[in-house]
Structures are given as structure tokens and as C-alpha cells.
Amino acid sequence: MTALPITRHGEVRMSQRGFRKTDLEVILAYGTDIGRDRIMLMRRDADVAIRALKKQITTIERLKDKVLVVADGRLVTAYHQSDPIRQTG
């Protein structure tokens with residue numbers, strides 16, 4: 001849910017125009033301030049966001065089954081987990 005309060009008029013217009021509340025979060029996160037109290041998700045904004053998210057997805061794919069051991073707020077070791085394990089607590 002977005003932290004941006006929405007007026008009743010805004011809710012009605014969003015509904016009429018097919019906007020979802022999650023759409024607001026995306027536009028606010030990646031859009032450009034175009035002045036006069038307006039934020040627009042421009043094509044270049046979308047292209048930059050898509051490239052960044054694709055890169056993040058690639059990184060997440062690469063990190064599947066990787067383990068970090070953290071104790072006392074410090075990294076102790078890192079390794080590849082090859083055997084299936086049960087998740088604890």
C-alpha cells in the first residue's frame with residue numbers, strides 16, 4: 001500500500017481509468033517529476049527500471065542455493081548448498 005493519501009476524487013478517477021493502487025507505487029518509485037505537481041512514468045524511466053529489475057532477477061537466479069552464515073552481525077562464511085535442507089524457525 002502506498003503512503004500517499006488518496007482523495008475520494010482520486011479514487012474515483014483511478015477506478016474509472018483502470019489504475020491500481022500498486023500502479024501508484026511504481027510511478028512514484030520510477031517516474032519523473034514533470035512540474036506542476038505531476039509525476040510521469042516516461043518511456044525512458046520505464047526502460048531504466050526494466051533494465052535494473054532484469055539485472056536484479058539475473059542476480060537472484062545466480063544466487064539460488066547460496067548460503068551466508070552470519071553471527072554477531074558479521075559474515076562468518078559463504079557457501080553453495082547442494083543438498084536440500086529443511087528451513088528452520
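The slack in the chain from Thr58 to Thr32, taken as 0.36 nm per residue of separation less the alpha-carbon distance, amounts to 6.8 nm. Estimated from helices alone, the mean residue ellipticity of the chain at 222 nm is -14500 deg cm²/dmol (sum of -39500 (n - 2.57) over DSSP H runs with n ≥ 4, per residue).
Across Thr88, Thr77, Thr32, the residue with the most accessible area heads the list, and the full order at a 1.4 Å probe is Thr88, Thr77, Thr32. Just tell me the longest site-free run in the chain, where the sites are trypsin sites (Lys or Arg not before Pro) in a DSSP loop having at most 16 other beta-carbon atoms within 10 Å. Maximal segment without exposed cleavage sites: 37-63.
With charges only on Cβ, +1 for K and R and -1 for D and E, what is the dipole size of the stretch 38-89 about its Cα centre, in debye, rounded to 20?
On the way: 11 positive and 6 negative charges, 72 e Å.
Roughly 340 debye for the stretch 38-89.
Think of the chain as a dipole: +1 on every Lys or Arg Cβ, -1 on every Asp or Glu Cβ, centred on the Cα centre; then among Leu53, Leu4, Ser15, Ser15 lies furthest on the positive end.
As a ratio to 2.2 N^0.38 Å, the alpha-carbon radius of gyration computed for the chain takes the value 1.68.
Against the chain, whose longest principal axis comes from its Cα atoms, helix 8-17 is set at around 80 degrees.
The values are calculated or read from the model by the stated rules, or taken from the named source; none is laboratory data. The model shown is predicted, which means the values in this text are computed figures rather than measured ones. Every residue, glycine among them, receives a Cβ derived from its backbone with ideal geometry; neighbour counts consider all protein chains shown. When the accessible area is computed, the model is the full protein with side chains, heavy atoms only, and any ligands, DNA or RNA have been set aside. Shrake-Rupley method; radii C 1.70, N 1.55, O 1.52, S 1.80 Å.
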